[in-house]
1. If you build a Gaussian network model of the chain, linking Cα atoms that sit under 10 Å apart, which residue out of 74, 249, 156 swings the most?
2. Using 7 Å Cα-to-Cβ label points, what is the residue 252/residue 309 separation (nm, one decimal)?
3. Show me the ranking of peptides 33-42, 137-146 by mean Cβ neighbours inside 10 Å, starting with the highest.
4. Which residue fluctuates most in the GNM of the chain (Cα springs below 10 Å): 281, 117, 190?
5. How are the alpha carbon pair distances in the range 188-243 distributed across 5 Å bins from zero to the largest one, expressed in percent?
6. Over the range 177-262, what is the relative contact order in whole percent, taking alpha-carbon pairs under 8 Å and six or more residues apart?
7. How would you rank 267-278, 43-54, highest first, on the average number of other Cβ atoms within 10 Å across their residues?
8. When Rg is the radius of gyration of the Cα atoms in the range 1-69 and Rh is its Kirkwood radius, what does Rg/Rh come to?
């Protein structure tokens, strides 16, 4: 592998599946990656852009010290069959019945009688059990608190027992008896941040594609424009007159003008029909300059697979 294609410190990125390169790019950009677990068993899923990867799939990132695990959540699962879908049951601590209700304790303002709100209910109306006066509005009573009431054994209590029931195997257990398992996310290491800061993930993905497809290409190709100025192009594919420049940041007007002049000069010399400019960041002015140039395709804030798809389309004659 020529160092002109990928510097030595970034060459291991070529070993990664393109989906893992996309995952690294999204982590670097701070974009949302959905982390969840399967219902059937405790398998952690990373989902992004229509791709699903398990924790086992991303192990190469850990082995290459590009990412490390961090606990982002925990989920309670059945201790017997590992199922995630659980039904919560609130029980009377006296008789075990589920026929309980959280009710208010109220005081009738006129006579001072205190009882559960359910004992004030009579045929759809509120009537004081003590003085038999109708309660016409909330101004006729005040709420003193709440507690639970069991309709089965008529016990009053402050906290019910909590039981979980597995919806697959039917196992009943208390929360403390469940399998409370960690859900892991990923965070980039400083090593990964350095590599992605220089956009080496794009270089690795493109290099891998061109090698696998046996494409004739050049890295850091020196091409002379019609003006006589010689330019360096990161990747050059002469068969389709395609140049690809990977620039981590286009931060100034002058940077954008350089690429615009470069694309025009090389096109007029017959070397390229299109210059693909890949960058993670660009100013609004730079974007305007680059997108208005008919010989430039700008990929801004994309993932490596977007670049390889574009190049593959151009190689196969699909120029959309």
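Values in this text are rule-based calculations from the coordinates and carry no lab data. Bear in mind that the values here come from a model prediction, so they are computed numbers and not experimental data. Note that each Cβ is placed from the backbone with ideal geometry, even for glycine, and that neighbours are counted across all protein chains shown.
1. Result for the chain, Cα springs under 10 Å: 156 fluctuates most.
2. Result: 3.5 nm between the two label points.
3. Details: 33-42: 14.3, 137-146: 11.4.
Packing proxy ranking, top to bottom: 33-42, 137-146.
4. Sorting by GNM fluctuation, first place goes to 117.
5. Once binned at 5 Å, the Cα pair distances of the range 188-243 give 4, 16, 20, 20, 14, 13, 8, 3, 1.
6. Result for the range 177-262 is 20 percent.
7. Numbers: 267-278: 20.2, 43-54: 15.2.
The packing order, highest mean first, is 267-278, 43-54.
8. Working: Rg = 13.8 Å, Rh = 13.3 Å.
Across the range 1-69, the Cα-based Rg/Rh ratio is 1.04.
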